[in-house]
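Accompanying notes for the structure given below.
The values are calculated or read from the model by the stated rules, or taken from the named source; none is laboratory data. The structure presented is a predicted model; accordingly, all values stated were derived computationally and were not measured. Every residue, glycine among them, receives a Cβ derived from its backbone with ideal geometry; neighbour counts consider all protein chains shown. Keep in mind that these areas ignore ligands, DNA and RNA; they rest on the heavy atoms of the full protein, side chains included. Shrake-Rupley method; radii C 1.70, N 1.55, O 1.52, S 1.80 Å.
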Amino acid sequence: VCVKCVCVCVSVCVNVCIAILIFAVASVVFWVDVMHFTSSSSSLSFHCLVIASIFILLGTVVFNNDWQAHNFVEGIPVGMVRTETQEDGAVDAGWDKTLNSIMKGPSGHTYFDVRNSKVNKIFWKHEILFKNMPIRGGSWVLVVVGGKNMFAIMDFLCDLLSSTYAGSNEYKAMSCEGDWGEVRLKVNFHYGTSSVVSSWTPSEDEPAARTTFLFDTASVQLTHTIPMEAHWQYYEQWRELSSNLQHALEHLTKYDIYSIFMTPTALCEEKMPSNERWVATSCQSRAEAVKAGCEKELTHTVGRLHVEQICFDGCRSKHGVRLLYEKELYVAMRFQSKKTVAVIDAMKMTQNQCWAAHPDTGTVYPPFVPMFVAHVVAHLQHSIDSSTRS
């Protein structure tokens with residue numbers, strides 16, 4: 001917000017200076033005309049210059065306002081959000097290779113900064129942690145549960161929080177801790193779905209009174225890639241997605257635990273592995289190969305009449321992920337009104353941002369990870385300072 005205010009002030013100053021300069025030039029020319037030419041010609045010249053200066057001033061205002069609109073989307077710096085129409089030009093310019101500045105986390109993931117080519121971890125630590133410092137002190141635990149996006153968030157946050165964090169390339173239970181102002185923050189990561197949240201119980205390591213949850217449903221991993229795979233491994237979890245999420249949020253509410261829920265990101269089919277991309281395309285065209293595979297897998301469970309709709313709705317495709325997102329958002333927003341659940345709409349943030357999707361997944365957006373972490377930290381700071389439990 002501060003950056004935006006500064007840029008707006010600079011823009012206004014530039015407009016005013018240009019207007020004064022043009023008017024000064026017009027005045028000088030008018031004076032010269034008065035001294036050397038007839039009054040009619042000088043008047044005509046002066047009027048022409050005044051009209052020209054007005055048009056130039058208007059053009060400058062439009063240009064600067066257009067620059068501001070393109071450089072900020074809900075306070076996000078230029079480059080963090082782009083439209084699909086910009087993607088080809090960006091690739092030609094080498095954007096995906098350099099992206100102005102690249103910061104690699106300890107787990108080998110690449111995080112991008114698009115504001116300044118010289119910033120590094122110190123910059124993100126200041127922007128994300130120092131600017132959201134809790135007022136209260138003591139120890140606190142952030143329990144992170146989910147899939148690849150939750151892992152990327154945990155990895156980035158731990159790298160900022162702890163100087164000894166070594167990272168991991170494996171999606172397994174792990175933790176880190178460090179000082180965040182007067183708070184000693186511990187981050188525990190568990191790979192899994194919302195069912196893991198539902199089965200959680202307070203412990204000495206994760207006391208209910210000093211714990212916040214961050215999780216997603218790992219919903220993309222619940223979809224199928226038939227006929228590439230013989231079986232729909234997570235069909236039951238996919239079918240029960242809404243009820244499982246509701247149970248997880250109810251479970252945390254029972255313990256009066258503040259939770260941060262993140263929706264799935266948009267699925268970029270172009271960046272998916274080739275075999276999964278073929279399945280997504282086949283689902284879109286309702287290919288017989290996909291339908292036949294689903295009938296073989298699901299007929300005995302749901303009956304032949306229901307197979308086709310379930311098959312194509314549960315496919316790992318833009319359509320399938322969008323349906324899951326709508327189900328999740330419907331459930332989560334009902335709990336958000338209770339003031340103990342915060343919702344991060346990752347789908348909205350990454351929609352039409354295929355340029356930023358990881359080339360091996362189509363679901364993880366490395367350039368957006370710092371922004372996700374900033375949202376998480378802001379909600380975490382609120383949960384700590386608003387807690388009334390000791």
Quiz item: How about segment 141-188: which GluC sites (Glu not before Pro) there are in a DSSP loop, with at most 16 other Cβ atoms within 10 Å of their Cβ?
Solution: GLU170, GLU182
Practice problem: Report relative contact order for segment 133-196 in percent, whole number only (criteria: Cα-Cα under 8 Å, sequence separation at least 6). | Solution: 49 percent
Quiz item: Can you work out the FRET efficiency for the pair LEU305 and ARG334, with r the C-beta to C-beta distance and R0 = 25 Å, to the nearest 0.05?
Solution: 0.20
Quiz item: Counting only protein chains, not ligands or nucleic acids, how are PHE215, PHE123 ordered by accessible area (probe 1.4 Å), most first?
Solution: PHE123, PHE215
Quiz prompt | Mean separation of Cα contacts under 8 Å, 6 or more apart, over the residue count of segment 219-291: relative contact order % | solution = 32 percent
Quiz prompt | Above-threshold pairs, the threshold being 27 Å between Cα atoms, out of LYS125/LYS271; LYS186/LYS339; LYS186/LYS271; LYS125/LYS348; LYS186/LYS318 | solution = LYS125/LYS271; LYS186/LYS271; LYS186/LYS318
Quiz prompt | Positive minus negative residues near ARG286 (Lys, Arg vs Asp, Glu; Cβ under 14 Å) | solution = -3
Practice problem: Between ALA230 and MET133, with labels modelled 7 Å along Cα→Cβ, what's the label distance in nm to one decimal, could you check? | Solution: 5.9 nm
Quiz item: What distance in nm separates the simple spin-label points at ALA166 and SER242, each placed 7 Å from Cα in the Cβ direction?
Solution: 4.6 nm
